[in-house]
Amino acid sequence: MRATRKSDQPASGRRGCISSGRRAWLRWATPAMLILLGSGCASTPATSTASAPHATHADAQRLAQVMAVAGQPVSSFWFERMSSFEPIGLRDLLVYTNPREAWLLHLDGTCRDLDFDPFLGLTSHMHRVSTLTDSVRVRDNPIPCRIEEIRPVNTASLAHLQPQVKGDLEIDRPSAPTPSRH
């Protein structure tokens, strides 16, 4: 048995909270995780949705139409609940807080599963959603998508564009084959 001084040993009788094996793992894992996290943030290009790799022609058209009726960027907006939303590609999101109020959110980078997941939320502080501090949370994406820019959208003007947009989208999509009856 090794002799130890009483001051070397904690009162609980254990020699430390972290075993030597865990300490060695933490020595190399912590810097590696920081490098991986830093490289992920640094590799996100600052491009528009129209030039993003996952943007489609329909997304670029829709973004152009919404931007035509959107106002100047604002730093925040009052937020109690989201009545509906429309993803426009993987970097932009049209959020309706009520039928007469909509906001175009431009995200910091591509947001995985934004266009497929039907469940998403917004972070807010004291009922205000702000640029650079709040984010969009997609259910199946553990990484929050930070909001880079917020623009108010004129919903009355946007409503006039809706029938035209739906007609354009139906033309772009190939029709599904009709099942034959024998």
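Odds and ends about this structure:
- Net lengthening on full extension, GLU86/GLU148 (0.36 nm per residue, minus Cα-Cα): 20.6 nm
- Relative contact order for the range 95-165: 37 percent, from Cα pairs under 8 Å spaced at least 6 residues apart, divided by residue count.
- Cα gyration tensor shape of the range 68-170, rounded if a/c is under 1.5, else prolate or oblate by comparing a/b with b/c: oblate
- For the range 95-106, 3J(HN,Hα) per residue [Karplus equation, 6.51 cos²θ - 1.76 cosθ + 1.60, θ = phi - 60°, Hz, x = Gly/Pro]: 10, 9, 8, 7, x, 10, 9, 9, 9, 9, 9, 9
- At R0 = 25 Å, FRET efficiency that the Cβ-Cβ distance of MET67 and ASP140 yields, to 0.05: 0.35
Every number in this text was worked out from the coordinates using simple rules, so none of it is lab data. What you see is a predicted model, and the numbers here were worked out from it, not measured in a lab. As a convention, Cβ positions derive from the backbone with ideal geometry for all residues, glycine included, and neighbour counts pool all protein chains shown.
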